[in-house]
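The values are calculated or read from the model by the stated rules, or taken from the named source; none is laboratory data. Just so it is clear, the model here is predicted, and its values are computed rather than measured. Quick reminder, even Gly has a Cβ in these numbers, built from the backbone with ideal geometry, and neighbours come from all protein chains shown. Ligands, DNA and RNA are excluded from the accessible area calculation, which covers all protein heavy atoms including side chains. Shrake-Rupley method; radii C 1.70, N 1.55, O 1.52, S 1.80 Å.
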Amino acid sequence: MTALEATWEHHYIETNRIRLHCVSQGQGELVILLHGFPEFWYSWRYQIPALSRYFKVVVPDLRGYNDSDKPDSGYDLDTLSADIKGLIESLGYVKAHIVGHDWGGAIAWHLAERFPNCLDRLAILNAPHPQQWLQAMGSNVDQLRRSWYVLAFQVPGVPEWLIQQNLKDFVKKVFQEQAVRKGAFTSELTKIYQEALEKPGVLSSAINYYRQLMSPLNWVQNLGRSPHYVTAPTLVLWGEEDSFLSNKLTDGFDRLIKAPFQLKLVPHCGHWIQQEVPHLVNRELLSFLRATSHRGQLIGKEEE
């Protein structure tokens, strides 16, 4: 643990009938950072000190991950977004800025639609809108090829067993081999992620996110349903060389958002954007979250 990490506060917060382990730093308006699969709060280690200079930053381990509770159920987007709504309230706030990557981004999209009064501003990092992703899985051969593992996850029990037998290789392949900027993932860092995934119940919980999303009931409920508009000012940062998610998934974001919207594509960057280009992400988040007003739509490319 570095001297900086030693200043971060670790605590547990009761929300939606579970306990979430959280790391926090700073004072002021609330910023919540939501990680993705198969990470935990540590994926935001570069953003916590930068944002905490101006905000109270709270970074939970999502339901089922690392040191948070791992119930057998509750991995649907309604429950996951209610976890975050309850977290905001338990911290004594009415609303928060929400920043989400990957699955954390999916939860952030859903939270913005279901509980719009809880959000101040919304920032999405390499995370498609859940309904758009489901539609792409049914119609886009390229995205289906990229997401083959999601189909493999639907087999009960088998994926967990296979991953556990080869966890070190799994972590290396998911992070280091899929990153564009390989130096972002040292052997020491991949070991940290491996240790978090080794904790009892984590793998099953993490995979249950995908099982719930791909369940027949969820498909039926979302078939042909128009998403509710996002009414919070929104920033999307997207690593262009994401091996898991096609850039085409960003098409139509503007039609989902009835508020000022910015989409910024980041070249020479993969899926793990806040870890591959942390200085760029920090700069963009601070500019967006500290801005007093946003007008119009900006689509452009960002260089580090």
* Asked: For Ala123, which of the numbered conditions (1) on the phi > 0 side of the Ramachandran plot; (2) under 15 Å from the mean Cα position of the chain (by Cα) fails to hold?
  -> (1)
* To do: Report, by residue number, each residue of the stretch 137-150 that is modelled with pLDDT of 85 or more and within 21 Å of Ile107 (Cβ to Cβ).
  => Gln143, Arg146, Ser147, Tyr149, Val150
* Asked: Which members of the stretch 50-70 meet the condition of being free of Cβ contacts under 8 Å to residues at least 60 places away in the same chain and not β-branched (Val, Ile, Thr)?
  -> Ser52, Arg53, Lys56, Pro60, Asp61, Leu62, Ser68, Asp69
* Asked: Before we move on, is Val59 closer than 20 Å to Leu197 by Cβ, open to solvent by less than 10 Å² (accessible area, probe 1.4 Å) and at pLDDT 95 or above?
  -> yes
* Structure fact -> The condition from (1) in contact with a strand residue (DSSP E or B) (Cβ under 8 Å, 6 or more places away or on another chain); (2) within 17 Å of His101 (Cβ to Cβ); (3) of a type in the set (Lys, Arg) that Arg19 misses is numbered (2)
* **Qualifying positions in the stretch 97-122 - out of contact with any His (no Cβ under 7 Å at 6 or more places or on another chain) and under 15 Å from Leu263 (Cα atoms)** => Val99, Gly100, Gly105, Leu122
* Structure fact -> Among residues of the stretch 115-136 being modelled with pLDDT of 95 or more and in a helix (DSSP H, G or I), the residue most open to solvent (accessible area, probe 1.4 Å) is Asn117
* Structure fact -> When the stretch 71-109 is checked residue by residue, the ones that are under 13 Å from His35 (Cα atoms) and assigned to a loop (DSSP other than H, G, I, E, B) are Asp102
* Scan the stretch 44-54 for residues that are in contact with a helix residue (DSSP H, G or I) (Cβ under 7 Å, 6 or more places away or on another chain) and surrounded by fewer than 22 Cβ atoms within 10 Å (Cβ to Cβ) and report the count. => 3
* Residue satisfying condition, being under 22 Å from Ile207 (Cβ atoms) and in contact (Cβ under 8 Å) with a residue 12 or more places away in the chain, within set Ile124, Ile98, Ile88, Ile107 -> Ile107
* Structure fact -> Of the residues in the stretch 180-199, those that are in contact (Cβ under 8 Å) with a residue 40 or more places away in the chain and out of contact with any Ser or Thr (no Cβ under 9 Å at 6 or more places or on another chain) come to Arg181, Ala184, Phe185, Ile192, Ala196, Leu197, Lys199
* Asked: Among all residue pairs at least 6 apart or on different chains, which show Cβ distances below 7 Å where the first residue, located in the stretch 155-169, is more than 15 Å from Ala206 (Cβ to Cβ) and the second is surrounded by 12 or more Cβ atoms within 10 Å (Cβ to Cβ)?
  -> Lys168/Gln194
* **Identity of the residue in the stretch 133-151, out of contact with any Leu (no Cβ under 9 Å at 6 or more places or on another chain) and among the hydrophobic types (A, V, I, L, M, F, W, C), that ends up nearest to Pro227 (Cα to Cα)** => Val141
* Structure fact -> Counting only residues in the stretch 155-214 that are more than 19 Å from the chain's Cα centre (by Cα), within 19 Å of Gly64 (Cα to Cα) and charged (D, E, K, R), the one least open to solvent (accessible area, probe 1.4 Å) is identified as Glu160
* Residues that are of a type outside the set (A, V, I, L, M, F, W, C), open to solvent by 10 Å² or more (accessible area, probe 1.4 Å) and either out of contact with any Ser or Thr (no Cβ under 7 Å at 6 or more places or on another chain) or within 24 Å of His129 (Cα to Cα) (or both), drawn from the stretch 21-43 -> Gln27, Gly28, Glu29, Tyr42
